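**Q** Structure in structure tokens, see below.
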Amino acid sequence: MLQITNLHAEVDGKPILKGLTLTVNAGEVHAIMGPNGAGKSTLGYVLGGRPGYEVTGGTVTFAGQDLLDLPPHERAAAGLFLGFQYPVEIPGVSNVQFLRESLNSQRRARDEAPLSGAEFLKLARAQAGALEMDAEMLKRPVNVGFSGGEKKRNEMVQMGILNPKFAVLDETDSGLDIDALRIVGDGINRIMRAPDKAVLLITHYQRLLDYVKPDFVHVLADGRITRTGGPELAHELEAQGYAQVAA
Amino acid sequence: MSLKLRAMRRWLPKRMDTLTLPSARDEAWRWSDMATLEAAREIKRVAGHVGSTARIGDGPRLVFIDGYYDPDFSEPGDLTLERVEFTSTHPLGQFAAGQGYELRFPPASFTAPIEIEHVVVGEESHLPLRFVLDDDAVVSVVETYSGGGWSNRLSEFSLGKGARLMRAVRLLQDEGFVSIRDEASIGEAASYVATFLGAGGMGSRIDGFLRLDGVGAFAEMGGALLTRGEQKQEAAVAVHHAAIEGTSRQVWRAVAADASTASLAARAEVARHAQKTDGEQSLRGLLLKRTATINLKPELEIFADDVKCAHGATVGELDAKALFYMQSRGIPEPQAKALLTHAFVADALDRIGEESVRDAFKADADAWLEAAL
């Protein structure tokens, strides 16, 4: 589904990704772990197409297309979802308005009929309910006044509504208490655990992986993948630290 | 109110022989675009009625063509227009002085929203209007400027005890210049709220002086100026607290694209005896291009010692993080920019109480955004 080959990227002229290679097949969940500054979030932003994250080498193929050739909104329409580490507040734009515009933009790009207001609200309420988010929060401006945990939960509600093929989730577990972690973990499994979907979980800690069992765990250090293993690698990292394992 | 409308003949459009216009050297006029005003006078007249904007409700409608009341296009209902004389010393208001119209609203009367249309078909037009609200009268007015040329208006408002006036004014002329001079005297516990939208292709100066004369009066003047191309629009308004326990709000938003200029100057004056004043100013500008200019000037002049006056002024660009966030969810860049800009402008237009009027103004702002982005 996603094939990253020898990816190099820089931010403000500073090289961050230095030859990253990774293949994710449909039906798989991959976890990327690594120390601060290794390039984890940069990888997410490069895949999402954020301005300022410049690709200087390598290729990324997503569902048979050259992902790097697409503007961010076309990447979304092609089925990519980027869960933000710090979801952005948008005063004056309600969650409902934002998400309906998002979903219908994607549907139009795929030549599908846009959802009516009523159809959309039904879908949004169901997804909010599944993540135990108060439906009233859908009416509020996007992420404004939300706690850290509520923002992350809102990311998952968005993912449920947009129903992507491939999700890159950047530290979706940070800022969550134990109960919220379980709810978010269950949400990821419910929305994304399917034979035709895949997930790339970017995380610092093993704890989310208790809920969302990865098929592969990679260690990202200094802009490259330095080790790959199964779920046991996450436990090894937790026990011994990155310095020991990534070296 | 009995129907009493004199049949009026059409007057020849008024034309000033010589104009002495304010100079940019005068601080109060430093951002004014008097060159566009002068050029607007030379816009050729087009024959006949240039069409009018869609109706918002089914209340009375007053149509002024070239500054003269046109009974053929108007539906005044119970309203009575009296012809009265005006004087003014205001640099632009003085040109509109002379014969004009007065609308009186009796005590405790309630009038369905009045739609006033100012249609200009070229050259220049001048009109003085006076609104007199007796005690407890409630009036809502929607004003629309359309066509092209120089529209110069002098409006006076007198609000008796407990009266309420809600005004929404949209400047939608295709070209030319609109200059508005508003003067209001607001009585005890009366409320005056005016919201402006500059979303046409003309230059403009919205100039206002609101005086809170009665105890506990409320005054609000604000809105949104949207400029593009080389357009210049400006609001220069002042509220004067002359009595105790008055409240004033000045919420203005400016959005400037291309090489345009939007300027906002808002002043709050509090007289020595006007204790317990509650004043608030919020001036915010959004630059859609770095070649555009936004000037903001919040001013407070406070002589009383027991007052609460807050003010804020900021200019910025669209939030790049929010733009990427929206794009990452599938929203193309132009739509993402439009949503963010719409939200920015909505702050000011949300002050319009009447839902149908608010929706009409937001639709005008959206049409502007679609063309500008």
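Computed from the coordinates by the stated procedures, all read-outs in this text should not be read as laboratory data. Fair warning: this is a prediction, and the values are worked out from it, not measured in the lab. Virtual Cβ from ideal backbone geometry, glycine too; neighbours counted across all protein chains shown.
**Q** Counting only other residues whose beta carbon sits under 12 Å from that of B:Ala184, what net charge do I get with K and R as +1, D and E as -1?
**A** Net charge around B:Ala184: -1.
**Q** Here's a follow-up. On average, how many beta carbons from a partner chain sit within 10 Å of the beta carbon of a residue in A:87-97?
**A** Numbers: counts 1, 9, 4, 10, 7, 10, 8, 1, 0, 0, 3.
Per residue, the average neighbour count from other chains is 5.
**Q** Per the helix-only calculation at 222 nm, which mean residue ellipticity applies to chain B, given -39500 (n - 2.57) for every DSSP H run of n ≥ 4 and division by its residues, nearest 500 deg cm²/dmol? Write down the numbers at each step before the final one.
**A** On the way: 5 runs with 56 residues, N = 373.
Value at 222 nm, helices only, nearest 500: -4500 deg cm²/dmol.
**Q** Let me ask something else about it. Work the Kirkwood hydrodynamic radius out for the stretch B:189-331: mean of 1/r over every pair of different alpha-carbon atoms, inverted, in Å.
**A** After inverting the mean inverse Cα-Cα distance, the result is 16.0 Å.
**Q** Would you please calculate the Kirkwood hydrodynamic radius of the stretch A:1-143 over all C-alpha pairs and express it in Å, rounded to one decimal?
**A** 17.2 Å
**Q** Also: Using only the Cα atoms of the stretch A:2-246, what are the Rg and Dmax in Å?
**A** 17.6, 54
**Q** Return one quarter of the surface area of the convex hull spanned by the alpha-carbon atoms of the protein assembly as shown, equal to its mean projected area, in nm².
**A** That works out to 32.3 nm².
**Q** Something else about it: What net charge is computed for the residues neighbouring B:Pro298, neighbours being all others with C-beta under 12 Å from the C-beta of B:Pro298, Lys and Arg scored +1, Asp and Glu -1? Spell out each step's value before the answer.
**A** Numbers: positive: B:Arg267, B:Arg284, B:Lys297; negative: B:Glu280, B:Glu299, B:Glu301.
Net local charge, B:Pro298 excluded: 0.
**Q** Rounded to the nearest 5, what % of the DSSP beta bridges within chain A are antiparallel ones?
**A** So the antiparallel bridges in chain A amount to around 60 percent.
**Q** Okay, next question. Per-residue HN-Hα couplings for the stretch A:27-41, Karplus 6.51 cos²θ - 1.76 cosθ + 1.60 at θ = phi - 60°, whole Hz, x for Gly and Pro?
**A** Rounded to whole hertz, the list is x, 9, 10, 10, 10, 10, 10, x, x, 4, x, 6, x, 5, 5.
**Q** Using a 10 Å cut-off around each Cβ, can you sort A:Phe120, A:Phe84, B:Phe196 from fewest to most neighbouring Cβ atoms?
**A** Details: A:Phe120 18, A:Phe84 24, B:Phe196 28.
With the fewest neighbours first, A:Phe120, A:Phe84, B:Phe196 line up as A:Phe120, A:Phe84, B:Phe196.
**Q** Sticking with this one: Residues of the stretch A:190-213 with the amide nitrogen closer than 15 Å to a label point 7 Å from the Cα of A:Asn36, along Cα-to-Cβ, please.
**A** So the set is A:204-205.
**Q** Sticking with this structure for a sec: On average, how much area does the Cα convex hull of the stretch B:145-253 cover when viewed from any direction, in nm²? Intermediate results must be reported in sequence, preceding the final value.
**A** Details: hull surface 23.6 nm².
Spelled out: convex hull of the Cα atoms, projected over all directions, averaged, 5.9 nm².
**Q** Along each of the three principal axes of the Cα atoms of the stretch B:27-317, give the extent in whole Å, ordering the values from largest to smallest.
**A** Largest to smallest, the principal-axis extents are 57, 51, 34 Å.
**Q** Also, quick follow-up: Counting only DSSP beta bridges with both residues in the protein assembly as shown, tell me the antiparallel percent, nearest 5.
**A** Details: 34 of 185 bridges.
Counting DSSP beta bridges with both partners in the protein assembly as shown, the antiparallel share is about 20 percent.
**Q** Could you work out, residue by residue across A:68-78, how many beta carbons of other chains sit within 10 Å of that residue's beta carbon, and then give the average as an integer?
**A** 4
**Q** In chain B, how many lysine pairs have Cα atoms under 28 Å apart, counting only pairs 8 or more places apart or on different chains?
**A** 23
**Q** Within 10 Å of each Cβ in A:131-143, how many Cβ atoms from other chains are there, averaged over the peptide? It would help to have the intermediate numbers written out before the result.
**A** Details: counts 0, 0, 0, 0, 0, 0, 0, 0, 0, 0, 1, 5, 2.
Partner Cβ neighbours, averaged per residue: 1.
**Q** Also, quick follow-up: What fraction of the DSSP beta bridges in the stretch B:267-373 is antiparallel, stated in percent and rounded to the nearest 5?
**A** Counting only bridges with both partners in the stretch B:267-373, antiparallel ones make up about 0 percent.
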